[in-house]
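Engineer: Below: one structure in structure tokens.
The values are calculated or read from the model by the stated rules, or taken from the named source; none is laboratory data. This is a predicted model, so every value here is computed, not measured. Note that we place each Cβ from the backbone using ideal geometry, even for glycine, and neighbour counts take in every protein chain shown. Areas reflect the complete protein model, heavy atoms only, side chains present, ligands, DNA and RNA absent. Shrake-Rupley method; radii C 1.70, N 1.55, O 1.52, S 1.80 Å.
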Amino acid sequence: MAQSGPGQIYLFNDFFTGVDISGVADNSTTRTFYNLGDFRLFGDGVSEIDSGALAIGSDELNGVVRLTTTNENKHSCCLGTELAFDAALMGTIVVEARVRFNNLDTKHAFIGLTDTVGDDLSFEDDMITAASTTVMTLTASDLCGFYLDSELGTDHEDWIMVYNGGTTTGETTAASIDANDDAVAGEWQVLRLEVTPTGTARWYIDGVLKQTVTGALSTSTDVGVVCGVEATAASIEEMDVDYLMVKANRDWTV
């Protein structure tokens, strides 16, 4: 239940301050994550010199950070949190990000909540991937958010509104949970996910409600935030993030 003052959790980064984080930042390839304001930077390959987060300052207003993977299949670069949220105890949980891509090829992207937030996170191995050009495999037992996958055939430029772990069985057919709102290379979109204390989820793109699912997420499993991109081939993949915001109520029982 929300209380006054510190009862509301609010995490936000507008990326106005300089950011240049990669495996080469401390001349080491041993670190598995970095602190970036209110969030962590993590993912499989983040410790390598060609992956990390770089502030864009030459042509971008507002402050923008570019997440960059290595040129290896299944390597990711993500912003997010630890397993710090429980829908029943802390809802409504809100995750919102403004993002864009340089292209929509050979990549996965996910923005939302999941119980899989390890430092070496690989979307394909640990969370979600295309089982075919039309069907997905939901590897993570609990997830809820926006998913983009270049391997999903004709849907590969569209956001898929995925969920798993709640009282409603996770949908794996991409066309059934297609937002019908394509990501366009070079153009910004605002993606917003809301999960209530009962596990009902709502997906918004640019302020428009795209889907509501009752019982989409577990009300008893701890989840964390993931906002990231992953390579699906031997190519460096990027996602620009203008801001990332997370809101929730504090759990006063702990």
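Engineer: Give the long-range amide H neighbours of residue 85: residues separated by 5 or more places, or on another chain, with amide H under 5 Å away, using H modelled in the peptide plane at 1.01 Å from N.
Structural biologist: Answer set, sorted by chain and number: 223.
Engineer: Shifting gears a bit: How would you classify segment 44-83 from its alpha-carbon gyration tensor, with a ≥ b ≥ c the square roots of the eigenvalues: rounded for a/c under 1.5, else prolate if a/b is greater than b/c, otherwise oblate?
Structural biologist: On the way: a/c = 2.94, a/b = 1.50, b/c = 1.96.
Cα axes put segment 44-83 in the oblate bin.
Engineer: Starting from the Cα of residue 107, draw a straight line to each of the lysines and keep only those under 16 Å, dropping any in the same chain fewer than 8 residues away.
Structural biologist: Partners found: 74.
Engineer: Continuing with this model, one more query. Before rounding to the nearest 500, sum -39500 (n - 2.57) across all DSSP H runs of length at least 4 in the chain and divide by the residue total; then give [θ] at 222 nm in deg cm²/dmol. Don't skip to the answer; put the middle values down first.
Structural biologist: On the way: 1 runs with 4 residues, N = 254.
The helix contribution divided over the chain gives 0 deg cm²/dmol.
Engineer: Assuming a ≥ b ≥ c are the square roots of the Cα gyration tensor eigenvalues, decide whether segment 153-231 counts as rounded (a/c under 1.5), prolate (otherwise, with a/b larger than b/c) or oblate. Please report the intermediate quantities before stating the final value.
Structural biologist: Values: a/c = 1.73, a/b = 1.58, b/c = 1.09.
Because a/c hits 1.5 or more and a/b exceeds b/c, segment 153-231 counts as prolate.
Engineer: Which lysines have a Cα less than 22 Å from the Cα of residue 210, not counting those fewer than 8 places away in the same chain?
Structural biologist: 247
Engineer: Also, I was wondering about something else. What ranking do 169-179, 227-237, 81-91 get when scored by the average of other Cβ atoms within 10 Å per residue, highest first?
Structural biologist: Per-residue Cβ counts within 10 Å, averaged per peptide and sorted highest first, yield 227-237, 81-91, 169-179.
Engineer: For the pair residue 222 and residue 208, how long in nm is the line joining their label points, each one 7 Å along Cα→Cβ?
Structural biologist: 3.9 nm
Engineer: If packing is taken as the mean number of other Cβ atoms within 10 Å per residue, what is the order of 34-42, 158-166, highest first?
Structural biologist: Numbers: 34-42: 19.1, 158-166: 25.1.
Per-residue mean Cβ counts within 10 Å order the peptides as 158-166, 34-42.
Engineer: Something else: For residue 107, what accessible surface area do you get with a 1.4 Å probe? Give it in Å², rounded to 10.
Structural biologist: Approximately 0 Å² of residue 107 is accessible to the 1.4 Å probe.
Engineer: Using alpha carbons only, how many angstrom separate the centre of segment 152-221 from the centre of segment 75-102?
Structural biologist: Each part's Cα centre sits 13 Å from the other's.
Engineer: In whole percent, what relative contact order does the chain give with Cα contacts below 8 Å and a gap of six or more residues? Each step should come with its number before you reach the end.
Structural biologist: Details: 767 pairs, mean separation 75.1, N = 254.
Relative contact order of the chain: 30 percent.
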